[in-house]
Each structure stands twice: as C-alpha cells, then as structure tokens.
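First the structure, in the form of structure tokens, and then the observations on it.
The values are calculated or read from the model by the stated rules, or taken from the named source; none is laboratory data. Only a predicted model underlies this, so the values are computations on that prediction, with no experimental measurement involved. Cβ placement follows ideal geometry from the backbone for every residue including glycine, while neighbour counts extend to all protein chains displayed. With ligands, DNA and RNA removed, areas are computed over all heavy atoms of the protein, side chains included. Shrake-Rupley method; radii C 1.70, N 1.55, O 1.52, S 1.80 Å.
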Amino acid sequence: MNPRIHAALAAVLLLSVGPLLAADRATEEFVGRVLETQNTVGAVIRGKLSVEDPTSERAVAVQIRIRLRRDANVTRLLYQVLWPATRKGEALYLERSARGAITGFIFAPPDKTSPVNAAAMARPYLESDLTVEDLAEDFLQWPAQRISGEETIGTDVCKILDSRPPAGAQSTYSLVRTWISAERLVPLRIEKFPDGRPAKRFTVQKTTRHDGTWVPVVTSVQSAGQSRETILELSRGERDVEIPLEEFALERIRQLAPTAAPEPKE
C-alpha cells in the first residue's frame, strides 16, 4: 500500500474510532460511579407494594421484606410477604451469578415450592406489574452500555443510559433505557423494550438521601396500554448488613409462614 494512502487511512480511523473509545470510557466511568452507590455486602429493606386499578374492584396491598446478600460470585435476594396475614410467609428467593444466570424458587405456605424457570420469570410478582424477571435482572451489569443523550427531569439533568443484554442471555428485553441524575447518580426513570416500543415504565416519584447516597423511595410501574399502576414504597432499610447464609435457606424461610390451625375434633 502506498505509504501516503496508509497514513491517510490511519488518520481517518483515528478520527472515527477515537471519539467512540472516549465515549465508551465516559460511559464505563459513569456506570461505575452509579454501581458504586449501590455497592453493599448486604441490605434489609421493608416496603409496601400496592396496585391501583380503576377497572377492578379488587385491591392489592402487601407489606414485604427484602433481604440482599452479595458475595464474590453470587448475589442472593429474598422477598417475603409480612402482611396481610392471609399471605404472610409467601416468598421469592433468587440467586444471580456473576455471569447473570438466575436460579431460585417460589415458596407458598405451608410447604409448596416451585423453581424459578423461564415460565416463572415472566410471572407477575404478587399480581403487580413487576415480573420475577424485573426483580432478578441487574441490567446495569450488562456488558453493552452506552450513553445516548441527556434530558432534564424536574431539576435533575439526566444521562440517558442504554443497556443491552449479552448474546445468549435469556432476557425478555432487548433494551433497557435509564434516565440517571448526573449529579445525584440515582435512576429517575426506566423504560424496558422487548422490541422497538417500550413495554414498561418505572418512574421514581420520591428519593431520599441515606448515608450520603440518594436512593429511590417511591417508584411507580406501568405497563404499556394499561390503566393500572403498581406502587413500590420503601419505608425503611439498612445497608452494609452481613446476613448469614442460613437466612436464605428454605427451612428458615418456612418459619415466617403462619402455623396451620389444628383440625377440629369431631
């Protein structure tokens, strides 16, 4: 190849690839800062999950406890119903490996368990707009991340982050778009796309600052084309809590379930 052509081609490649590499580094650094705010060995959170549906007379309102434990190669999550009494003890246990593989089980008192498989991942959690997959996936850990723009929400200038699952991942979504406050590093809106149109939107309605970190307190979830709305409201929580492994064992999970009443004597 002519040296002059070679030099010119190299210059063109540097001009075109250079900004992409810089953009990738900027995205990586930004996502790293966001993940750092979420970094903890464990957490215990209490909250209320409710569904408001103007087309239905049936009300859904449950109090839940969430336990999280992070080890080097696995993240464990346990969702347990505390109230109402008729549902107390219902539990969802999830394990997420460092590679993103999801396993776990669903527990229904007094002693029914079913695995978290592909069908279970698509199942609504407690009849809400949240699916088991929504609770299990950590899309900020996906390798394909890109800042696609900026938008102001309220008083927050947000980076718009596009996250795409890796090849072979068993995710319903081909794209998750997140609006993250550039200053406070807290997500304020999330849209999930199974195809070219958003199927679900998460809107953070209230945030609070806890130990120097901003966290969502009230989040609404709406599915496309639906009038109903799911509200997740966190009432209290502790982070950097070391939760023993036995707390995630099925035998321990069973203990929260109410004891069955004895059969009446004839």
Legend entry - GNM result for the chain, Cα springs below 10 Å: residue of Arg99, Arg76, Arg177 fluctuating most strongly: Arg99
Legend entry - Per residue, in Å², the accessible surface of segment 38-101 once ligands and nucleic acids are set aside, probe 1.4 Å: 53 Å²
Legend entry - Whole-angstrom gap from segment 245-259 to segment 210-226, using each part's C-alpha centre: 28 Å
Inset, instruction - Compare the peptides 196-204, 27-35 by average per-residue count of other Cβ atoms within 10 angstrom and give them in order, highest first. - result: 196-204, 27-35
Legend entry - Cα centroid of segment 181-201 to Cα centroid of segment 105-146, whole Å: 18 Å
Legend entry - Dipole-positive endmost among Pro216, Ala257, Pro198 within segment 184-266 (Cβ charges, Cα centre): Pro198
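Whenever you get a sec, line up Glu242, Glu229 from highest to lowest accessible area (probe 1.4 Å, protein heavy atoms). Don't skip to the answer; put the middle values down first.
Numbers: Glu242 160, Glu229 40 Å².
Result of the area sort, largest leading: Glu242, Glu229.
How much length, in nm to one decimal, is gained on full extension between Lys112 and Gln222, taken as 0.36 nm per residue of separation minus their Cα-Cα distance? Before the final figure, lay out the partial values.
On the way: separation 110, 0.36 × 110 = 39.60 nm, distance 3.01 nm.
So the chain would gain 36.6 nm between Lys112 and Gln222.
Compute the length gained on full extension between Ala59 and Glu242: take 0.36 nm times their separation in residues and subtract their Cα-Cα distance, giving the result in nm to one decimal.
On the way: separation 183, 0.36 × 183 = 65.88 nm, distance 3.55 nm.
Stretched fully, the Ala59-Glu242 segment lengthens by 62.3 nm.
On the accessible surface of the chain, probed at 1.4 Å, how many percent belong to carbon and sulfur atoms? Working shown, then result.
Values: 8320 of 15720 Å².
Carbon-and-sulfur percentage of accessible area, whole number: 53.
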Inset, instruction - Could you tell me the accessible area of Thr131 in Å² (1.4 Å probe, neighbours in place), rounded to the nearest ten? - result: 20 Å²
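Ranked from the most accessible area to the least, with a 1.4 Å probe and all protein chains present, what is the order of Lys192, Lys159, Lys206, Lys112? Before the final figure, lay out the partial values.
Working: Lys192 5, Lys159 55, Lys206 115, Lys112 140 Å².
Reading off the accessible areas and sorting them downward yields Lys112, Lys206, Lys159, Lys192.
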Inset, instruction - Name the long-range amide H neighbours of Asp129: under 5 Å, sequence gap of 5 or more, or other chain; modelled H, no Pro or chain starts. - result: Thr230
Legend entry - Principal axes of the chain: Cα extent on each, largest first, Å: 101, 39, 37
